[in-house]
């Protein structure tokens, strides 16, 4: 198949959703141009033009056509470049992987946001929901090196932010949920995942991630004060 | 080869529950439909067993294995029964567009729509504005096509059609005319109703009209 060099990715280095796309493209050996967006001015004119509905990263442009929403983009990448497949082959396994992807981006992500942004009782509720989520994910990784089996796959890519970004969400959000004794298999997965060369080489600097998260907290505090 | 056992747990008025049902009908797959009694919150042991995390319908149970989340079920049905009525477009970019807009419907349409169940009258205005905005966006996506899938009824049509059954109810509670605001969507809904899969499964709009009052009574809002 002819190698396409007309793939552009709009994103930020610190964004967990952008990183998913970077990983998928790199795992499939697809060349792309990274058009870095600035977190502080999130809606550049180009971004608004290419993603008028949500005005958010990541946005992929392939053959002049743009797509947004990381889960949608990942399915597109898999279908357009079948080399080194990331999704399970069996339809039931695929449905299961999609279910857990929605869980991570839905219930678990919302719980993490609640724990991060709230205080007092609401914060405690958020942490409890995060722990429930970690417990469920522990159940999914038991007996496996990666969610995808022997090699990383779709669900590892989706869960990837838990391996690195999550600790900074906890630090800046001032809560603690991850516990290597309570979730030993998830803890082992984290170590396996960040040691995969493509993953390791793409991780943003801790200070940059923390700075972004502090920015979110400050913005929320400002909004609450007004 | 042993015959497939397909069970679908649903709720008659659910905009999500109808999606896998229409998909199965389009594919002419034999299935057993089981109604969950959701208004009294009497969820069946099978539902709680098969969807322990969310405890929600629809749940598709294929040869004993559960698949949850309505859009995931539609994709699964499309992949399992490939020989008939393909629901997702074959072009990857068009597939991505269909998935994007189905996800948009789930993110943006359901929340304002469900406000008729739980919101007091004076808060309905904001929800009404959101609902119209979303429907107009979808009207733009439909354009002058026969279906969202173009000439072929498919995934995105299935994603939205459940809401069509609620249009008269939205109009009653929100006090606006969907026909006036989004005539193409209404035309599309009428066309979909000509299909057996939709005519057979879409609930009676008059029965739906009674639901919000029932739910609001149970919640103590009226």
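The values are calculated or read from the model by the stated rules, or taken from the named source; none is laboratory data. Every value quoted in this text rests on a predicted model; they were computed, and no experiment measured them. When we count neighbours, we look across all protein chains shown, and the Cβ atoms used for this are built from the backbone with ideal geometry, even at glycine.
Annotations
- Of the residues B:38, B:86, B:71, B:124, the single one that is more than 11 Å from chain A (Cβ to nearest Cβ), under 30 Å from residue B:179 (Cβ atoms) and touching a residue at least 40 places away in the same chain (Cβ under 8 Å) is B:124.
- Extreme residue, farthest from residue B:20 (Cα to Cα), among residues of segment B:153-194 that are in contact (Cβ under 8 Å) with a residue 60 or more places away in the chain and not in a helix (DSSP H, G or I): B:166
- Among the residues examined, residue B:154 qualifies as buried (at least 19 other Cβ atoms within 10 Å of the Cβ), assigned by the TED database to the domain that holds residue B:210 and either over 22 Å from residue A:52 (Cα atoms) or modelled with pLDDT of 95 or more (or both).
- Any hit, segment A:48-64, residues being assigned to a helix (DSSP H, G or I), more than 14 Å from chain B (Cβ to nearest Cβ) and either closer than 30 Å to residue B:138 by Cβ or in contact (Cβ under 8 Å) with a residue 12 or more places away in the chain (or both): yes
- Test for residue B:142: is it under 24 Å from residue B:25 (Cβ atoms), within 14 Å of chain A (Cβ to nearest Cβ) and buried (at least 18 other Cβ atoms within 10 Å of the Cβ): no
- Residue match in segment B:98-112 (condition: over 27 Å from residue B:7 (Cα atoms), touching a residue at least 24 places away in the same chain (Cβ under 8 Å) and more than 10 Å from chain A (Cβ to nearest Cβ)): yes
- Selection status of residue A:156, assigned to a helix (DSSP H, G or I), touching a strand residue (DSSP E or B) at 6+ places or on another chain (Cβ under 7 Å) and either within 20 Å of residue B:106 (Cα to Cα) or not assigned by the TED database to the domain that holds residue A:31 (or both): yes
- Where a residue in segment A:102-130 is in a loop (DSSP other than H, G, I, E, B) and its partner, wherever it lies, is surrounded by 18 or more Cβ atoms within 10 Å (Cβ to Cβ), with Cβ under 8 Å and at least six apart: A:118/A:126
- Strands (runs of 3 or more DSSP E) completely within segment B:22-106 that count 3 or more residues being outside the structural domain of residue B:141 (by the TED database) and surrounded by 20 or more Cβ atoms within 10 Å (Cβ to Cβ): B:59-62, B:65-68
- Residues within segment A:78-101 that are more than 9 Å from chain B (Cβ to nearest Cβ), assigned to a helix (DSSP H, G or I) and within 16 Å of the chain's Cα centre (by Cα), tallied: 3
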